[in-house]
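Scroll down for the structure; my scribbles are underneath it.
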Amino acid sequence: MSAWMTSEQRYAWQVQLHLRLRMLSGVGFQDFFADVMTRAHRDDFVKTRPLGSLGDRGCDGYLASVGRAFACYGKVDDASPSVPTLLEKMDEDFAKASGHLKGLMKEWHFVHNLLDGTATDATVTKLGEMRQANAGHKFGHFGRAGFEDTIFGLHEADIIALIGMAVTAEETRNMKLKVVAELVDGIMTAVEKAPLDDGLDPKPVPFRKLEFNKIPPHWRHMIRGQMANVPLVEEYFATHPDVERGQKIAATFKARYLALKEQGLAPGDIMENLHQGIVGIGTVTNDRIVAAGAILTFLFDACNIFEDKPEDEPEEAAA
């Protein structure tokens with residue numbers, strides 16, 4: 001992390017970067033990666049583009065000083081990609097790159113925005129097999145940690161150009177309820193009929209719920225900062241003409257949370273998925289990020305998402 005960057009900026013930018021990565025796919029993801037690498041490495045990074053029927057020849061970028069070729073895979077939607085298809089693509093891209101670049105390519109790196117479960121199959125198992133089969137090359141991967149390390153080492157102007165201004169505490173304090181309403185309207189439009197669950201009454205947040213659920217630091221920071229906005233979101237639902245609107249949203253996101261948990265996703269991946277589902281597909285602004293954070297915190301506070309600490313486990317003193 002750059003010396004000038006505060007932990008608050010880092011946490012806010014992490015949320016914004018992960019949201020950006022989740023919303024990018026295909027060529028858009030490749031272009032974002034190329035922009036990041038160009039800002040970090042300047043002329044040493046060679047951006048490549050498909051050449052008609054020749055395609056990109058298995059190379060989505062090249063770092064000349066070390067002979068490192070990159071192959072990008074931007075996840076298309078929320079569904080986990082077919083692992084066999086993904087591994088087959090990795091083989092094909094490496095074969096193309098090694099054939100066309102020949103002696104120029106010393107390393108091959110797989111660039112992705114995959115969640116942890118699928119990424120393990122590609123970045124651990126498959127890359128290990130590729131290393132054994134191709135002793136003349138080095139292999140690596142560039143995932144969310146790679147994006148963070150590279151971007152957060154840049155100048156502030158470059159970071160802002162890539163992912164925007166960091167959401168500030170003042171913007172969080174001045175959350176716009178109108179934007180909350182717009183996001184909830186978007187969710188309700190997307191959900192035809194959300195099953196209602198009579199067991200979704202709001203409950204007090206148990207002590208150390210963030211720690212118990214192993215919520216990553218940047219999401220803990222967001223939730224703590226948004227707690228003051230929870231009563232405003234509660235009032236919005238309480239005064240809305242559709243008296244069941246809050247219950248429908250709660251049921252929808254409880255179902256989404258349980259489905260994501262069933263997939264074995266890490267807490268941070270679950271938070272990212274739910275957050276993106278609230279932000280929606282419109283233009284991402286800080287107002288929308290703040291409003292989505294308030295709704296997510298409302299659901300977390302009401303215990304509709306993530307778990308209470310078991311009753312038989314003693315509470316610990318606050319840190």
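The values are calculated or read from the model by the stated rules, or taken from the named source; none is laboratory data. What you see is a predicted model, and the numbers here were worked out from it, not measured in a lab. Positions of Cβ are generated from backbone atoms using ideal geometry, with glycine treated the same way; all protein chains shown enter the neighbour counts.
A few comments on the model shown:
- Failed item, numbered, when Leu21 is tested on (1) at pLDDT below 90; (2) within 24 Å of the chain's Cα centre (by Cα); (3) among the hydrophobic types (A, V, I, L, M, F, W, C); (4) assigned to a helix (DSSP H, G or I): (1)
- Of the residues making up the stretch 148-173, those that are surrounded by 13 or more Cβ atoms within 10 Å (Cβ to Cβ) and either farther than 16 Å from Val15 by Cα or of a type outside the set (Val, Ile, Thr) (or both) are Glu148, Phe152, Gly153, Leu154, Glu156, Asp158, Leu162, Gly164, Met165, Ala166, Glu171.
- One residue stands out in the stretch 43-92 among those that are charged (D, E, K, R) and modelled with pLDDT under 85: the one that is nearest to Gly277 (Cα to Cα), namely Asp78.
- Evaluation of Glu244 against (1) over 17 Å from the mean Cα position of the chain (by Cα); (2) more than 16 Å from Asn304 (Cβ to Cβ); (3) surrounded by fewer than 19 Cβ atoms within 10 Å (Cβ to Cβ) (one fails), failing number: (2)
- Subset tally (residues that are surrounded by fewer than 18 Cβ atoms within 10 Å (Cβ to Cβ) and not polar (S, T, N, Q)) for the stretch 257-276: 7
- Beta carbons closer than 8 Å, at least 6 apart along the sequence or on distinct chains, pair a first residue in the stretch 141-153 that is more than 9 Å from Val36 (Cβ to Cβ) with a second that is among the small types (Gly, Ala, Ser) for His141/Ala119; His141/Ala122; Gly143/Ala119; Phe152/Ser2; Gly153/Ser2; Gly153/Ala40.
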